[in-house]
Amino acid sequence: MIIQVSNLTKIYKIGSVETIALDNVSFSVKQGEFVAIMGPSGSGKSTLMHILGALNLPTSGEYILNGQNVSKLSDDELADIRNKKIGFVFQSYNLLPRTTAIKNVMLPMAYAGVSKPNRLTTAKKYLTMVGLENRINHTSNQLSGGQQQRVAIARALSLDPSIILADEPTGNIASAQAEEIMNIFKKLNKDGHTIVMITHEPDIAKYATRIILIRDGKIVQDKKNENKN
């Protein structure tokens, strides 16, 4: 198993008021799975995404990624996991706006100490993979929303992460472009990448091979997707 989540609970305290965002959640993800985590607003799916992304720690329970117990790591160790083991794709792209596509993709590799020739080669490879070989020198603000999300996917792949974590990856783009983005994820999964995607849209979730439904901080359904696109 690449991901093992056991009895995960997250409680937020504001003064004397406690809010249970996650309530005893357990599941696992195998290498090469494409899992969609679905749920309405306030269901706990964003809290779960933050824990899976090593952006937050649970109140109790365990999160094991690639054999490493993430729930017990220091801030520095968590940062290392985020940089090297997880490729993030956010709804808002999180690109530097006046920076070229290729430099955006090269940035995580620079932080990781990859040599400049290797950074260039890898960035070109992944930008070509997502169909942007003719846009590598365009800045983010010269690209459409769908193109920016492709750059974000290329950047997420740049350090060969254990998992790709996508948070509402089509939330800011038109439906035709959303389909193109989801077909890229589908191809990446076919090539062996493990993908965990947070979404509230059934039309997007259907691209996954498995759908976990979360409501009021609990998993209410976990099933293989027989009708995947």
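Derivation of every value follows stated rules applied to the coordinates shown; laboratory data play no part. Please read all numbers here as calculations on a predicted model, not as lab measurements. Every residue, glycine among them, receives a Cβ derived from its backbone with ideal geometry; neighbour counts consider all protein chains shown.
With r defined as the distance between the Cβ atoms of Asn118 and Asp203 and R0 fixed at 41 Å, what FRET efficiency is calculated, to the nearest 0.05? After rounding to 0.05, the efficiency reads 0.60. With Rh defined as the Kirkwood radius, the inverse of the mean 1/r over Cα pairs, the Rg/Rh of segment 94-229 is 1.00. Computed over the chain with a Gaussian network model linking Cα atoms closer than 10 Å, the most mobile of Ser92, Ser162, Ser28 is Ser28.
Could you work out the relative contact order of the chain, using alpha carbon pairs under 8 angstrom and six or more residues apart, expressed as a whole percent?
On the way: 452 pairs, mean separation 64.8, N = 229.
It rounds to 28 percent for the chain.
With each label modelled as a point 7 angstrom along the Cα→C-beta vector, the Ser41-Glu179 pair spans 2.8 nm.
Listed by chain and number, the aspartates and glutamates whose alpha-carbon sits under 13 Å from that of Lys223, ignoring those within fewer than 8 places in the same chain, are Glu33.
Where does the chain land on Rg(C-alpha)/(2.2 N^0.38 Å)? Don't skip to the answer; put the middle values down first.
On the way: Rg = 17.5 Å, N = 229, 2.2 N^0.38 = 17.3 Å.
Taking N as the residue count of the chain, the ratio is 1.01.
With the cut-off at 1.5 for a/c, could you classify segment 1-79 from its C-alpha gyration tensor as rounded, prolate or oblate? The shape class here is oblate.
Ranking of Tyr63, Tyr111 by neighbouring Cβ atoms within 10 Å, starting from the fewest: Tyr111, Tyr63. Rounded, prolate or oblate: which fits segment 60-111 when a ≥ b ≥ c are the square roots of the eigenvalues of the alpha-carbon gyration tensor, with rounded for a/c under 1.5 and prolate only if a/b beats b/c? Cα axes put segment 60-111 in the prolate bin.
At full extension, Thr59 and Asp222 could sit 56.4 nm farther apart than now, given 0.36 nm per residue minus the alpha carbon distance. Highest mobility in the GNM of the chain, judged by mean-square fluctuation with C-alpha springs under 10 Å and restricted to Ala166, Ala54, Ala176, is found for Ala176. With a Förster radius of 45 Å, plug the Cβ-Cβ distance of Glu18 and Asp160 into 1/(1 + (r/R0)^6) and report the FRET value to the nearest 0.05. Calculated value: 0.65. Within the listed set Asp203, Asp167, Asp76, the Gaussian network model of the chain (springs between alpha-carbon atoms below 10 Å) gives the highest mean-square fluctuation for Asp76.
A straight Cα-to-Cα reach below 23 Å connects Lys125 with the lysines Lys84, Lys85, Lys103, Lys116, Lys186, Lys187, Lys190, residues fewer than 8 places away in its own chain not being considered. Note on segment 151-188 and segment 190-229: Cα centroid distance 15 Å, given to the nearest whole angstrom.
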